[in-house]
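Asks: Structure provided below as structure tokens; questions to follow.
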Amino acid sequence: MSDTPPVRRIAGPFNRIEGDLEILLDIAGDHVQEARVNATLFRGVERMLEGRAPMDALVIAPRICGICSVSQSRAAAAALAGLSQVQAPANGRIAANIILATENLADLITHFYLFFMPDFARPDYAHHRWHGAALRRFAAGRGQAVAAALRTRAELLHVMGILAGHWPHTLAIQPGGVSRGIDAEACQRLSGILASVRADLENNLFGVALETVVELADCATLHTWRQHGSASDFGLFLDIAETLELSTLGRAYDCFLTCGSWPGGRDPHNTTPLWPAGIVADGAVLPFAPQDIVEDHAFAHLRDHERVHPPAEGTTVPHLRDGTAYTWCKAPRLAGRPFETGAIARQLVRGQPLIRALVARGGGTVFSRVMARLIEMAALPLLMEQWVRQLEPGAPWYAPHGTLANGQSVGFTEAARGTLGHWLRVENGHIAGYQIIAPTTWNFSPRDAAGVPGPLERALEGAPVRPGEHTPLSVQHIVRSFDPCMACTVH
């Protein structure tokens, strides 16, 4: 064993991601030995909410992020609904699902085409036989597929104009449903938009019907698709992933969590989410227990770092600390363990057979994370088509909420990047405490007081480093596989 100390490098800034990220790498020979992930930007939105009227959360919380603002609206509305005990009518629940699914699908399209795939058009991969196709399709800012994806995304976001009024930062989602009802003609327009989006995804991304993608069941079927499937961006991704062995890159703890997605349908008594809540740990699917969540400040530039905090009792008071602390991000833990969240968690818990097979074979990796997003890109339009058919013009869309009494509540939702939670405490008619744990807070968390690295930090350990690389390509692929939204990380 060599006695040569590891080389320390700072990787970043990372382009094509949302927000500020810096990673300290200890490199030993040809691999990353340790990593420390630094969220460099403190926002303070949780503190801004303190002392305000509870309904102000619907205006302020979505400003945390411009690309996943609906997720923040949905979580804030859920927390307020819990406080007032209001129950939205069926149209309101379904419309809110469509609005959030629109944003999530737009984010998934953006991640694949604008954030993740352009890395494979780099000159570093020019010696691979697929590089010409990757350059033509995915080159940042000029690839054919990039331009087509932006058109699809723009078409999709017309849904927001119909149901949400505008995007981002809509106020349509309320504790009692949605503030904007639509008529039968608008429902027909929604169906036309979704038909156009479906056609784009089937013709450009997958090369087959969306139903065929959703039904992918095992690794052998995926291998056959790669060998004999129609030419498509999906097929090109499979080819690239096989060549670069992305299924061996970026494995963390194989612990995953989801709070559940898409609550309710037309039945007002059915509050079970269509995609269930749960965690995956030690190979088993278990119930999601939010009461077991705490936040650890041990390595964060925040006060109250001497103990862990349940989010309902948490604080976000900045305090620069030299030496130990290295990030503004807290370390969320569930039952004392770090958990990864995102599309891979949702698909594992709901039992999607291909994603379960991939994780059983190789764990949560760059490949399995991206595959889970691709499965969702096929699944979401199908759900949205179904929900549009369930809308009933003329029926109620909104139920007025009662008094927002003193008390505590929590609102959960699934953003594109994973589980988002808002913990609300109201005293004397004003917000006394507001804590937010975003998906990137989970995935990009620092070490905790026991020294256990966060999911991305663990996933970077062992990443290969080629001679002369300052920010290794492997590190970039792993980081992008988590799809960071750093603006949501620290409030």
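Rule-based calculations on the coordinates, nothing more; no lab input. Computed from a predicted structure; not experimentally measured. Cβ sites come from the backbone with ideal geometry, for glycine too, and all protein chains shown count toward neighbours.
Asks: Using alpha-carbon positions, what is the distance between the centroids of the range 448-491 and the range 30-71, in Å?
Replies: Cα centroid to Cα centroid, the span is 19 Å.
Asks: Which Cα, out of 40, 94, 14, lies furthest along the positive dipole direction of the range 1-94 (beta carbon charges, K/R +1, D/E -1)?
Replies: Farthest along the dipole direction, towards plus: 94.
Asks: Right, here's the next one. With Rg and the Kirkwood Rh both taken from Cα atoms, where does Rg over Rh land for the chain? Please report the intermediate quantities before stating the final value.
Replies: Values: Rg = 22.0 Å, Rh = 23.0 Å.
Dividing the radius of gyration by the Kirkwood radius yields 0.96.
Asks: Only helices at least 24 Å long along their axis, Cα-based, and averaging 0.5 or more on Kyte-Doolittle count here, so list those DSSP H runs from the chain. Display every interim value, and only then the final one.
Replies: Details: long enough: 90-110 (30 Å, 0.70); 184-200 (25 Å, 0.26); 366-390 (36 Å, 0.62).
Qualifying helices: 90-110, 366-390.
Asks: Taking the Cα centre of the chain as origin, work out the dipole magnitude from +1 charges on Lys and Arg Cβ and -1 charges on Asp and Glu Cβ, in debye rounded to 20. Can you show the working numbers first?
Replies: On the way: 42 positive and 47 negative charges, 107 e Å.
Around 520 debye, computed over the chain.
Asks: Given Cβ point charges of +1 (Lys, Arg) and -1 (Asp, Glu) and nothing else, what value in debye, to the nearest 20, does the dipole of the range 1-111 about its Cα centre take?
Replies: Numbers: 10 positive and 12 negative charges, 89 e Å.
Dipole size: approximately 420 debye.
Asks: Among 380, 83, 287, which residue has its Cα positioned farthest towards the positive end of the charge dipole of the chain, with +1 placed on the Cβ of Lys and Arg, -1 on the Cβ of Asp and Glu, and the dipole taken about the Cα centre?
Replies: Result: 380, furthest along the dipole toward the positive end.
Asks: Also, quick follow-up: If we count every other residue with Cβ under 15 angstrom of residue 334's Cβ, Lys/Arg +1 and Asp/Glu -1, where does the sum land?
Replies: Details: positive: 330, 333, 337; negative: 254, 282, 292, 295, 296, 340, 448.
Overall, the nearby charge balance is -4.
Asks: With just the Cα atoms defining each centre, how far is the range 307-363 from the range 383-400? Give it in Å.
Replies: Cα centroid of the range 307-363 versus Cα centroid of the range 383-400: 34 Å apart.
Asks: In the chain, what % of DSSP beta bridges are antiparallel (nearest 5)? Could the numbers behind the result be given before it?
Replies: Working: 48 of 52 bridges.
Looking only at bridges with both residues in the chain, the antiparallel portion is about 90 percent.
Asks: How big is the C-alpha Rg of the range 206-289 next to the rule-of-thumb value 2.2 N^0.38 Å, as a ratio?
Replies: Compactness ratio reported: 1.47.
Asks: Oh, and also: Within 10 Å of each residue's Cβ, count the other Cβ atoms and sort 224, 212 from fewest upward. Walk me through the intermediate numbers first.
Replies: On the way: 224 11, 212 14.
Going from least to most buried by this count: 224, 212.
Asks: How would you order 408-414, 384-390, 283-289 from highest to lowest mean count of nearby Cβ atoms within 10 Å? Mind dumping the intermediate values first?
Replies: Working: 408-414: 22.9, 384-390: 17.6, 283-289: 12.1.
So the peptides 408-414, 384-390, 283-289, ranked by packing, come out 408-414, 384-390, 283-289.
Asks: Below 8 Å between Cα atoms, with a sequence gap of 6+, how large is the relative contact order for the chain in percent? Working shown, then result.
Replies: Details: 1054 pairs, mean separation 127.1, N = 491.
Once normalised by length, the contact order is 26 percent.
Asks: HN-Hα J couplings of the range 202-207 from phi, Karplus 6.51/-1.76/1.60, θ = phi - 60°, integer Hz, Gly and Pro as x?
Replies: In residue order, the calculated couplings are 5, 7, 9, 7, 9, x Hz.
Asks: A further question on this structure: Taking only DSSP H segments of four or more residues, each worth -39500 (n - 2.57), what value at 222 nm results for the chain once the sum is divided by all its residues, to the nearest 500 deg cm²/dmol?
Replies: Values: 17 runs with 180 residues, N = 491.
My calculation for the chain gives -11000 deg cm²/dmol from helical runs alone.
Asks: Something else about it: Gap in Å between the Cα centre of the range 257-306 and the Cα centre of the range 210-248?
Replies: Distance between centres, Cα-based: 30 Å.
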